[in-house]
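Below is one structure, written out as structure tokens; comments come after it.
The values are calculated or read from the model by the stated rules, or taken from the named source; none is laboratory data. All values derive from a computational prediction rather than experimental measurement. Cβ atoms come from the backbone with ideal geometry, glycine included; neighbour counts cover every protein chain shown. To get the accessible areas, we keep the full protein, side chains included, count just its heavy atoms, and leave off ligands, DNA and RNA. Shrake-Rupley method; radii C 1.70, N 1.55, O 1.52, S 1.80 Å.
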Amino acid sequence: MPADATFGSLSNHLLVASMVAYSLAMLGFAAEFSFGRRSALTRVLDRGDSVPVRVAGPAPARVLVGSAGSESRSGSGFEVPAGSSGATSTLPAGPLPGRGAGRPGSEDAAGPPGRLGQAALALTVVGWAVHVGSVVARGFAAHRVPWGNMYEFSSMVALVAVTAFLVLAVRERVRYLGAFVLLPVVLYLGLAGTVLYVPAAPLVPALNSYWIKIHVVAAITATGTFMVSGVVIMLFLLRARYEDRVAAGRPAGVAALAHRLPSAAALDRTSYRVTAFAFPVWTFAVIAGAIWAEAAWGRYWGWDPKETWSFITWVVYAGYLHARTTAGWKGRRAAYLGLLGFAALMVDYYWINIGVSGLHSYSGV
Amino acid sequence: MTELTTERELTTERERVAGGLSTQPSPPPPAPRRRRQPLAAARNAWRQLTSMRTALLLLFLLALAAVPGAALPQRGLNPVQVADYFAAHPRLAPVLDRFSLFDVFAAPWFAAVYLLLFVSLVGCLGPRIRLHARALRARPPAAPQHLERLPHTAGWETEAAPQAAVAAARALLRRRRWRTDVRAEAGGGASLGAEKGYLRETGNLLFHVALVGLLVGVAMGGLFGYKGTRLLVAGDEASGSFTNTVTQYDDFHPGRLFSGSRLAPFAFVLDRFTASYQPSGEARQFIADVRYLPSAQGAGGRWRPYRLQVNHPLTVDGASVYLIGHGYAVHVTVRGADGRVALDQPVPFLPKDQNFTSVGAIKVPDARPAQLGFSGFLTPTTVATPSGLASAYPGLRVPRLTLLAYRGDLGLDSGRPQSVYQLSTGGLRRIQSKTLAPGQTWRLPGGGSLTFAGIDQWITVQVGSDPGNTPALAASGAILLGLVLSLRVRRRRLWVRAVPASDGGTAGRTVVSVGGLARTDTDAFAEEFAELVAALGRSADNPHH
Ligand code: HEM
């Protein structure tokens, strides 16, 4: 079937092209991260201190508006941060801030983003579009949804991770994440294209169900997003260590890398948000998997190794979310749970599919 | 925050749910717990168990407990692998086995962890539901003394009277589905407390309750369900039909409280099975064409056709029928030395590899004067290799049946159980071996013959009913809904205070101050707050719009 082969090789070439774009973008982000102005990188999320805000009030009158830092989240719920009373200031009525653009609390909402960073972002978008093309071509080559074996899963997971980064970058301006997300993405795609690669082929009957569209897409979406959350959690740990060392007046060591990152509290918030998005998606993936298992194998849950690890992953992430609401477990301990969850997810994806024989061993490797 | 005692955890929890706020004087600490010792100890243990931290530890323990279940082979899933493990690690395996590590999910310690977790869950849900129910009926909290200490604040002056300004704010907030409460204040002022996002806690409670529901659904399946398998040969009247009664199963697993009356006696027949493969030999499609008769129809009822496929089970009378395996059966006609037909039927062979090299045994107890037995293998696409015949493809391209014939006593009357796929050769004498193509007849030395008439297909079906399915599915839906609500909805509070301006210069004017507080995701609330303040300002100036 020459047409299929054409699409197949087109898909492969596009994947390589997208990897090149991602790699260049990664270098751009890394350069901006190292040499660019800090405020351009982390416009909104970096908010450790109380900062006055511009908020529109009724036109005719003087308006008093204030906003304090948002470090108040803790187990006891509504809490007022101590010493925030001085944050109110008098401001003239101004334009209403839109989402993402100069949101309250920006350290430097007016500063232009760095050129380098803009270029890197543009390259990432190009790489992303080419990556989408690669996935679509693969679907044409195989005459089915392009997520039927591990090579294809991996490509899709990387695509979701890049998508998640782009969404975050647009909504919250987190370009500082660029290099740190693209590095694992490129490595991941490299691994997928070499070790896991298999030519396009139809699905085995066990996978041939519309549930594959639902369950697998959910699992891939959750995994790609968890990947970003894992990256942010690691950055948080690095930054927390840096802050501790600086506070203690000790040399920062390796943690000095974190000096250009947003505050640990801001990173912590971002990681929570990303994880809190991924977790329900993962929950849905597990439930959809159970429904599919019921249709395919006559039982919705059988403690197959894949199911068991999905469960472990789910429980660990549930632990992470719980830890965030339990005072004694916040911060670093919660972060370690988040990383553990990601480790469990990777075991689920790779070790189980390749190393363990079970109903889910369809890697094709 | 420093170390929390469970007592304080509970108090803060109560505060949170009941609408307490740290800007208000906190409720008096509970009376010191100096009751009689054992009771106090029990209460304390219960508090410990139902605390969030214990829940967290148990959750973690549950994940840890599941790890050996994925890392080691499990009896319930793969008894053969467990046996292999025993053979490979003769010293270690019995030790592991003593700790139920090959039956993790049925192990007492695994049950202990999840039961403790669920006791903890139920224990902490009771008070939380009570408190939340109270919070739903409670008035939103009064405005704190110092609105300006809240994380989000705004203020302005207006010409409207304090009561009118507050009323306008109330109307606006109610339109936006905030819960509001107006209070008069000393000195002619008024204040408004408003709260929104109760759905967060509702969702969270729904999620936790649904977890318990899921466990109940799983337990129901384990107690009242059943599951069994049966092999059916396509197109064969005798071995291709099935009626749902216990004796018709090859293998039957009832739940602990299962009663036979739950089996609806529906029937079905396998007419044809088609398997297709990719050129590489990978499976492409399996289709089993069956006819079935629901039990309500009675014997004279109308048979309905169904295409049974992987991922497309047949549901009939509350039971589900799944296609779970397939293979080849060799149809043979065997005559004894006396010339009479002693066997004429398909004999299922078991597939042994990807290309469906299938092994089996043909037992002919009715052959006279002596019983006959054959053991051997079928190669669907036969190729010669240095080590003998093998199959190169799972489809029937060049099928050959290679058999070794025996004569003597099959040992079927000895009472010892035998596998249908193996001969027990103790009482048998080998005669000859031969490879046959379909249609060929093999005359045995010493009389008798075997005709390889053709090849049939067989499937194995799993029939089962799990009354926990629907509850478990409903609980899963509730889990998801509750989760989304509890992670997405923000609980937030807003206060508006309007007091007559005190300084002489602006007499007749009213000073309005607004304060806001969000429990989570304060970034997003900052936007909402700004937008609300703008709207409140407009409505205060034109209260009629
Ligand atoms: C099977 C065990 C459990 C699982 C899987 C689980 C899972 C979750 C999840 C995913 C959340 C949402 C987290 C968030 O809002 O960020 C949550 C919240 C919560 N859970 Fe659990 N939970 C379990 C058991 C328990 C138990 C035993 C307790 C009681 C001590 C408990 C108390 C809470 C509380 C109070 C919250 C609310 C946190 C908040 O919204 O601030 N959970 N749980």
>> Taking amide H atoms as placed 1.01 Å from N in the peptide plane, list the residues 5 or more away in sequence, or in a different chain, whose amide H sits under 5 Å from that of A:G148.
In response: A:F153
> Given H placed on each backbone N at 1.01 Å, which residues far from B:Q371 in sequence or on other chains put an amide H within less than 5 Å of it?
Replying inline: B:G408
>> Averaged across B:155-161, how many Cβ atoms of other chains sit within 10 Å of each residue's Cβ atom?
In response: 4
>> Using the basic label-point model (7 angstrom from Cα toward the beta carbon), what is the B:A184 to B:D353 distance in nanometres?
In response: 9.5 nm
>> Kirkwood Rh and Cα-based Rg: tell me the resulting Rg over Rh for region B:81-155, rounded to two decimals.
In response: 1.50
> Over region A:135-231, what percent of the accessible surface lies on carbon and sulfur atoms, probe 1.4 Å?
Replying inline: 75 percent
>> Can you compute the modelled spin-label distance between B:A40 and B:E159, with each label point 7 Å from Cα toward Cβ, in nm?
In response: 6.7 nm
> Once amide H atoms are built 1.01 Å from N in the peptide plane, which residues 5 or more positions from B:A138, or in another chain, come under 5 Å H to H?
Replying inline: none
>> Placing unit charges on C-beta atoms (Lys and Arg positive, Asp and Glu negative, everything else neutral), compute the dipole magnitude of region B:353-474 about its Cα centre in debye, rounded to 20.
In response: 580 debye
>> Between region A:277-322 and region B:40-110, how far is it from one alpha carbon centroid to the other, in angstrom?
In response: 18 Å
> Expressed as a rounded percentage, what relative contact order does chain B have, with Cα pairs under 8 Å and six or more residues apart?
Replying inline: 18 percent
> Using θ = phi - 60° and the Karplus form 6.51 cos²θ - 1.76 cosθ + 1.60, what ³J(HN,Hα) does each residue of region A:19-29 get, whole Hz, x for Gly and Pro?
Replying inline: 5, 5, 4, 4, 5, 4, 4, 4, 4, x, 4
> How many Cβ atoms of partner chains, on average, are near each residue of B:486-495 if near means within 10 Å of its Cβ?
Replying inline: 2
>> Per residue of region B:396-409, what does 6.51 cos²θ - 1.76 cosθ + 1.60 with θ = phi - 60° give for ³J(HN,Hα)? Whole Hz please, x for Gly and Pro, Karplus curve as stated.
In response: 8, 9, 10, x, 9, 10, 10, 10, 10, 9, 10, 10, x, 10
> How long are the semi-axes of the ellipsoid equivalent to region A:148-209, from square roots of 5 times the Cα gyration tensor eigenvalues, in whole Å, largest first?
Replying inline: 29, 14, 6
>> Taking R0 as 56 Å, what FRET efficiency do you get between B:V341 and B:H253 from their Cβ-Cβ distance, rounded to the nearest 0.05?
In response: 0.90
>> Over region B:160-318, what portion of Cα pair distances is larger than 25 Å, expressed as a whole percent?
In response: 61 percent
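Once neighbouring chains are kept in place and the probe is 1.4 Å, which whole percent of the accessible area of chain B is contributed by carbon and sulfur?
Solvent-exposed carbon and sulfur of chain B make up 57 percent of the total.
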> Averaged across the residues of B:309-317, what count of C-beta atoms belonging to other chains lies within 10 Å of each residue's C-beta?
Replying inline: 4
> Over region B:289-394, what lengths in whole Å, largest first, do the semi-axes of the equivalent ellipsoid take, defined as the square roots of 5 times the eigenvalues of the alpha-carbon gyration tensor?
Replying inline: 34, 24, 10
> Summed for both chains, how many Å² of accessible area, to the nearest 100, are buried between B and A with a 1.4 Å probe?
Replying inline: 6800 Å²
> Cβ under 12 Å from B:V383's Cβ, B:V383 left aside: what net charge do those residues give with Lys, Arg +1 and Asp, Glu -1?
Replying inline: +2
> Leaving out same-chain residues fewer than 8 places away, which lysines sit with a Cα under 27 Å from that of B:K196?
Replying inline: A:K330
> How far apart, in nm, are the 7 Å Cα→Cβ label points at B:R176 and B:L199?
Replying inline: 1.5 nm
>> Taking a virtual spin label 7 Å from the Cα of B:F99 along the C-beta vector, which residues in region B:34-75 bring their backbone nitrogen under 17 Å of it?
In response: B:61-75
> Under Stokes-Einstein, with the Kirkwood radius over Cα pairs standing in for Rh, what whole-number D in µm²/s applies to region A:181-260 at 10 °C and 1.306 mPa s?
Replying inline: 99 µm²/s
> Using the per-residue mean of other Cβ atoms lying within 10 Å as a proxy for protection, in what order, highest first, do the peptides B:243-255, B:357-369 fall?
Replying inline: B:357-369, B:243-255
> Once the Cβ-Cβ distance between B:D317 and B:L481 is put in as r, and R0 is 45 Å, what FRET efficiency do you end up with, to the nearest 0.05?
Replying inline: 0.90
> If Lys and Arg each add +1 and Asp and Glu each add -1, what is the summed charge of the other residues whose beta carbon sits under 10 Å from the beta carbon of B:D289?
Replying inline: +2
> Ordered by packing density, taken as the mean number of other Cβ atoms within 10 Å over each peptide's residues, highest first, how do B:189-197, B:123-131 rank?
Replying inline: B:189-197, B:123-131
>> Tell me the per residue accessible area of region B:261-357 using a 1.4 Å probe; a whole number in Å² is fine.
In response: 47 Å²
> Cross-link partners among lysines for B:K227, C-alpha distance below 30 Å, same-chain residues fewer than 8 apart left out?
Replying inline: A:K213, A:K306, B:K352, B:K363
>> If you take every residue apart from A:A192 with its C-beta less than 14 Å away from the C-beta of A:A192, what net charge results, scoring Lys and Arg +1 and Asp and Glu -1?
In response: 0
>> Among B:G376, B:V489, B:V514, whose Cα projects farthest towards the positive end of the dipole of chain B, with charges put on the beta-carbon of Lys, Arg (+1) and Asp, Glu (-1)?
In response: B:V514
> Taking the Cα centre of region B:77-173 as origin and charging only Cβ (+1 Lys, Arg; -1 Asp, Glu), how large is the dipole, in debye to the nearest 20?
Replying inline: 440 debye
> Does anything in region A:131-154 have its amide N under 19 Å from the 7 Å Cα→Cβ label point of A:T6, and if so which residues?
Replying inline: A:133-144
>> Could you give me D for chain B, from Stokes-Einstein at 4 °C and 1.567 mPa s, where the hydrodynamic radius is the Kirkwood radius over C-alpha pairs? Units µm² s⁻¹, please.
In response: 42 µm²/s
